[in-house]
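The numbers here are math on the coordinates, done by the rules we state, and not lab data. Only a predicted model underlies this, so the values are computations on that prediction, with no experimental measurement involved. All Cβ positions, glycine included, derive from the backbone under ideal geometry; neighbour counts span all protein chains shown.
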C-alpha cells in the first residue's frame, strides 16, 4: 500500500470535498493509535474481558472422519460477543471514537451482525447510535433489528435502490456528510475510502494472529489451506492476515447464489459479471454492466450480497495470493445441515459458504493435510431464512399460530 491508500491499482479515497478534513482527522488518529503500543494492549484487554478472546480453534473430528482427506479445524469467531467477528472491528473503532472525542456513531449493516455489534459498542461506550439497513435485509433479519433497537440504536430501513447493503452504505455516507463534527461512521467491512480497508483489516487481524499460534501449538505445523467467506472481506482479511508470509493457500468463497450463469449471485472476483470501477469512495471490482451501472445481487446470506469487494482482496486476487471460488445457495444449505448434524455447530449462512467449499476440497486432500475454516458468525440470526429454506412444517405452523394470536 502506498501513502494514498492504494493496493496495487485498487483502493484510494474518492471523496467529496466536504469529507476530506474528516477523513484526514480519522487517518491521523488511526496512525497515531497504531504507533502507540498501549493502544493495541488496551484493545486486546478489552476483547479478552468483553468478547471471549482468544476464540478457540476447534478440531472438527467428526467432519474429518465423514469427509476423509484433510484434517479440519474451525476458527470459532461465532463465540465472540454478539455472535460474529464484527465485534473485533467495532470495539477497535469505538476506542478510536473515544480518542476523537465524538459522541455519535452510525453504521450500515446487511446481515445485522455489524449493526448489533455497533449498537453494543455504543451502549458500552455511551454513544448515540443510528444503524442503516436495507429494507429487504430488515425483513429477513428481524431478530437482529429487534436487538439493535433494544440496545438503544435507531434503525432506519433504506427503501431506495435494491434495498440491500450497498444502499445502506450510501445512506450512512449521506448522514455522515451532514453530521461530521460529532459523528463517526463505523464502516463494517474492509471496503470504502482509505483508511477504512486498512483500519478494519488491522482490527480483524487478531483472528489470524490467534489462529496461527493455535494451529502451531496444536499440530506443530502450519495449515495447508484456509477458507473464509467473502462479502466485503473483513473476516477473510482477518484470518488471512496471519498467514500472508507463510506457504499457506488462502481461499475466499463468494456468494454463488443461484449459479454464476444465472445472473443471481454476488461473485465479484470469480465471475464474468464484474469489472474494476469506482464507487462509494474507492476503486475495486464491482458487479456492473458495460455502462458502469451496478447490477442486482443475490445471496441466501444477507451479509454477502454486496456489489463490491475489499480493494485489498482485489489486489491479492490479481497477484494470485488468494484464490476465489463461489458456493451456491443450495451447497451452502447442505454444508450447514452437515455441520450441524456432525459437529453440533450452527454456522451463519455467510460462514457456511466457506464450509461448503472446504467440504468440496477436503476429500481430495490427504490425511497429512490441514485446513482451517473461519466460522465468522453463528446461525441463530438466520433462523427465519433457514427454516423457510428447509421448508420446516413445524416452524411454519408456529409462525401462523403466533401471527393469529397477536392479531386475535
| How big, in percent, is the set of alpha carbon pairs in region 243-396 lying more than 21 Å apart? | 49 percent
| Can you pull the Rg over Rh of region 58-99, Cα-only, Kirkwood? | 1.30
| Taking the chain as a Gaussian network, where each spring joins two C-alpha atoms under 10 Å apart, which residue of 133, 340, 148 fluctuates the most? | 340
| note | Proxy exposure order for 66, 317, 353, 407 (fewest C-beta within 10 Å first) is 407, 66, 317, 353
| request: Highest first, please rank the peptides 22-34, 244-256 by the mean number of other Cβ atoms sitting within 10 Å of their residues. | output: 244-256, 22-34
| task | Please report the Cα spread of region 202-303 along all three principal axes, rounded to whole Å, starting with the longest. | result | 51, 29, 24
| Hey, rough spin-label estimate for residue 261 and residue 14, points 7 angstrom out along Cα→Cβ, what's it come to in nanometres? | 3.3 nm
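Could you give the alpha-carbon Rg of region 133-179 over 2.2 N^0.38 Å, rounded to two decimals? Mind showing how you got there, number by number?
Details: Rg = 10.9 Å, N = 47, 2.2 N^0.38 = 9.5 Å.
Compactness ratio reported: 1.15.
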| query | In terms of the ratio Rg/(2.2 N^0.38 Å) built on C-alpha atoms, what value belongs to region 360-408? | reply | 1.97
| said: Please rank 182, 224, fewest neighbouring Cβ atoms within 10 Å first, as an exposure proxy. | reply: 182, 224
| How much length is gained if the chain between residue 321 and residue 293 is pulled fully straight, taking 0.36 nm per residue apart and subtracting their Cα-Cα distance, in nm to one decimal? | 7.2 nm
| field | Radius of gyration and Dmax over the Cα atoms of region 243-326, both given in Å | value | 12.8, 40
| task | Let me know the Rg and Dmax you get for region 317-377 when you use only its Cα atoms, in Å. | result | 12.3, 38
| field | Volume per residue of the C-alpha convex hull in the chain, rounded to whole Å³ | value | 141 Å³
